[in-house]
Amino acid sequence: MAERLRLGEGVRTGLLHILERWDGNGGAHGLAGDDIALSARFSAVATQAVIFDRLGGPDAAVEMVRRRAGGWFDPAVARTFEAVGNDLLQGLAEADVWAEVLEVEPQPARWIPQAQLDDIARVFADMVDLKTPFTLGHSADVARLVEMAAGQMRLPQDNVDLLRRAALLHDLGRVAISSSVWEQPRALTSIQWEQVRLHPYHTERILARSAILRPLARIAGMHHERQDGSGYHHGASGAEVPTDARLLAVGDAYQAMTQDRPYRAALAPYAAAAEIEALARSGRFDPECTQRSSRRRVSSLSLPEASGLGSFRTGRSRCCGW
């Protein structure tokens with residue numbers, strides 16, 4: 001991600017060393033001491049301190065850092081934290097971390113030109129899809145699908161661009177939900193299902209925090225809305241769901257059906273199209289968006305590709321295969 005985001009060698013190295021230990025008993029690279037990037041040494045202390053602060057308060061965090069100095073942690077970094085850690089963690093409880101991080105952003109601030117926005121969106125799309133082993137490529141595939149469908153519907157190019165980017169970023173909110181929920185092979189509990197229903201909300205709020213991405217927020221946040229009002233998180237129906245969001249809802253559901261999930265096997269493209277069209281007839285999806293999305297995708301697949309995607313069974317608790 002750091003390389004694709006052009007964050008520089010220092011950031012890439014720090015991330016590469018993030019699991020190393022001062023004593024050499026850490027991550028995959030077996031690095032020790034000063035061979036570990038300084039940023040990674042600071043990050044190791046900060047990460048564990050925050051965890052122990054949440055578990056037992058600042059005193060527990062400072063004591064943990066003291067014990068691990070010279071083993072897990074760089075002794076010099078650990079000594080510095082011992083001196084200031086209690087005050088830092090107490091202040092952290094009251095701080096607006098978002099605002100404080102932005103205040104210490106290195107200057108001059110880097111701005112992403114409009115021409116590179118798709119590249120950045122694709123990086124985050126791929127990152128989000130790595131949240132679970134079975135969603136690899138989901139967001140990029142949904143983006144290709146809805147872009148084709150929008151072209152078939154002759155939407156203005158500005159709408160097509162907006163929809164493509166919303167599709168790339170529609171699942172950002174998945175990172176707010178535990179992987180144990182996404183990977184559960186049995187029926188979700190009511191509490192887990194409520195967590196799942198919130199992931200479009202998290203997507204919408206993440207995008208809304210950026211002035212550049214704010215126009216995508218509403219569309220991306222409505223990718224689980226349904227025409228009959230049975231979707232989430234807005235519970236919108238009919239004309240309350242804009243055309244862009246209707247297309248995204250169909251594209252997301254169709255693509256998800258063609259991927260394996262822990263609780264069911266994948267559906268072959270032709271069967272997925274039939275399933276989506278049946279849901280459209282029952283009032284879940286917009287019929288025109290359904291026709292443009294599912295049939296367009298099927299027609300673009302070769303038979304060998306189509307035949308390799310397995311079979312799908314719908315389930316009451318996880319309709320349309322998130």
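Do the conditions hold for Phe42, that is, is it more than 30 Å from Trp111 (Cβ to Cβ) and aromatic (Phe, Trp, Tyr)? Reasoning before the result, please.
Numbers: more than 30 Å from Trp111 (Cβ to Cβ): no; aromatic (Phe, Trp, Tyr): yes.
Considered against the rule, which asks whether it is more than 30 Å from Trp111 (Cβ to Cβ) and aromatic (Phe, Trp, Tyr), Phe42 comes out as no.
Would you pick out the residues in the range 20-43 that are of a type in the set (A, V, I, L, M, F, W, C) and at pLDDT 95 or above? Full working, then the answer.
Initially, the range 20-43 is screened for residues of a type in the set (A, V, I, L, M, F, W, C), giving 22, 28, 31-32, 36-38, 40, 42.
Correct list: Trp22, Leu31, Ala32, Ile36, Ala37, Leu38, Ala40, Phe42.
Against the condition closer than 18 Å to Ala143 by Cβ and either assigned to a helix (DSSP H, G or I) or out of contact with any Leu (no Cβ under 6 Å at 6 or more places or on another chain) (or both), how does Ala211 come out, does it pass? Explain how you work it out, then say what you get.
On the way: closer than 18 Å to Ala143 by Cβ: no; either assigned to a helix (DSSP H, G or I) or out of contact with any Leu (no Cβ under 6 Å at 6 or more places or on another chain) (or both): yes.
No.
If a residue has to be surrounded by fewer than 13 Cβ atoms within 10 Å (Cβ to Cβ) and under 31 Å from the mean Cα position of the chain (by Cα) to count, how many in the range 26-35 make the cut?
Matching residues across the range 26-35 total 2.
Quick one: in the range 68-112, of everything that is of a type in the set (Phe, Trp, Tyr) and in a helix (DSSP H, G or I), which residue is modelled with the highest pLDDT?
First pass over the range 68-112, keeping only residues of a type in the set (Phe, Trp, Tyr): 72-73, 81, 98, 111.
Adding the requirement that they be in a helix (DSSP H, G or I) leaves 81, 98.
On the way: Phe81: 97, Trp98: 89.
Ranking the candidates gives Phe81 first.
Given the conditions (1) open to solvent by 70 Å² or more (accessible area, probe 1.4 Å); (2) over 30 Å from Ile212 (Cα atoms); (3) of a type outside the set (Ser, Thr, Tyr), and given that Glu94 satisfies all but one, which numbered condition is not satisfied?
The one condition Glu94 does not meet is (2).
If we keep just the residues of the range 72-91 that are within 20 Å of Leu55 (Cα to Cα) and in contact (Cβ under 8 Å) with a residue 40 or more places away in the chain, which is surrounded by the fewest Cβ atoms within 10 Å (Cβ to Cβ)?
Going residue by residue through the range 72-91, those that are within 20 Å of Leu55 (Cα to Cα) are 72-73, 78, 81-82, 84-91.
In the following step, the residues that additionally are in contact (Cβ under 8 Å) with a residue 40 or more places away in the chain were identified as 72-73, 89.
Details: Trp72: 19, Phe73: 25, Leu89: 21.
The qualifying residue surrounded by the fewest Cβ atoms within 10 Å (Cβ to Cβ) is Trp72.
Confirm whether Asp35 is closer than 21 Å to Leu92 by Cβ, among the charged types (D, E, K, R) and without any contact (Cβ under 8 Å) to a residue 40 or more places away in the chain.
Values: closer than 21 Å to Leu92 by Cβ: no; among the charged types (D, E, K, R): yes; without any contact (Cβ under 8 Å) to a residue 40 or more places away in the chain: yes.
In short, no.
The values are calculated or read from the model by the stated rules, or taken from the named source; none is laboratory data. Everything quoted here is computed from the prediction, not taken from an experiment. Heads up, the Cβs are rebuilt from the backbone with ideal geometry, glycines too, and the neighbour counts pull from every protein chain shown. With ligands, DNA and RNA removed, areas are computed over all heavy atoms of the protein, side chains included. Shrake-Rupley method; radii C 1.70, N 1.55, O 1.52, S 1.80 Å.
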